[in-house]
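Before any comments, here is the structure.
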Amino acid sequence: MSKYGAYVKFTAKSGERETLADILLEAAEAIRSVKECEVYIINLSAQEPDAIWVTEVWSSAEAHKASLDLPDTKAAIARAMPLIEGVESIPVTPLGGKGL
């Protein structure tokens with residue numbers, strides 16, 4: 001079974017990037033104990049003032065999908081949705097490298 005990864009770009013509504021980033025950081029803390037999540041990094045874009053990139057690596061696509069049903073994840077999504085202007089997800093298949 002191959003790993004699942006994604007680069008997810010969240011575009012926050014104007015002036016809401018920091019609040020959205022805080023919610024994503026809380027979500028990262030909540031999934032820290034989920035062993036199937038290998039990487040979950042929140043990145044602020046240096047070029048786009050409303051953009052946040054999340055780098056994710058999971059043990060499988062199924063593990064990622066299952067994480068969306070966790071109560072903490074659902075709560076974070078509900079809090080984040082009003083702050084989001086748009087979402088773009090780029091699924092990838094991690095092969096290896098430092099940290100994997």
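Readers should treat all values here as calculations from the given coordinates under stated rules, not as data from a laboratory. Predicted model only: the values in this text are computed from it and were never measured. No Cβ is skipped: glycine too gets one built from the backbone with ideal geometry, and neighbour counts run over all protein chains shown.
For the reader, a short list of remarks on this structure follows.
- Among (1) in contact with a Ser or Thr (Cβ under 6 Å, 6 or more places away or on another chain); (2) touching a residue at least 60 places away in the same chain (Cβ under 8 Å); (3) not hydroxyl-bearing (Ser, Thr, Tyr) - the single one Leu20 does not satisfy: (1)
- Check on Glu18, exposed (fewer than 13 other Cβ atoms within 10 Å of the Cβ) and among the acidic types (Asp, Glu): yes
- Residue check for Ser89: in a loop (DSSP other than H, G, I, E, B) and among the hydroxyl-bearing types (Ser, Thr, Tyr): no
- The listed residue being under 19 Å from Pro91 (Cα atoms), among the aliphatic types (A, V, I, L, M) and within 11 Å of the chain's Cα centre (by Cα), out of Ala27, Ala6, Ala21: Ala6
- When the stretch 46-97 is limited to residues that are over 17 Å from Leu20 (Cα atoms), among the small types (Gly, Ala, Ser) and in contact (Cβ under 8 Å) with a residue 40 or more places away in the chain, the one that is surrounded by the fewest Cβ atoms within 10 Å (Cβ to Cβ) turns out to be Ser60.
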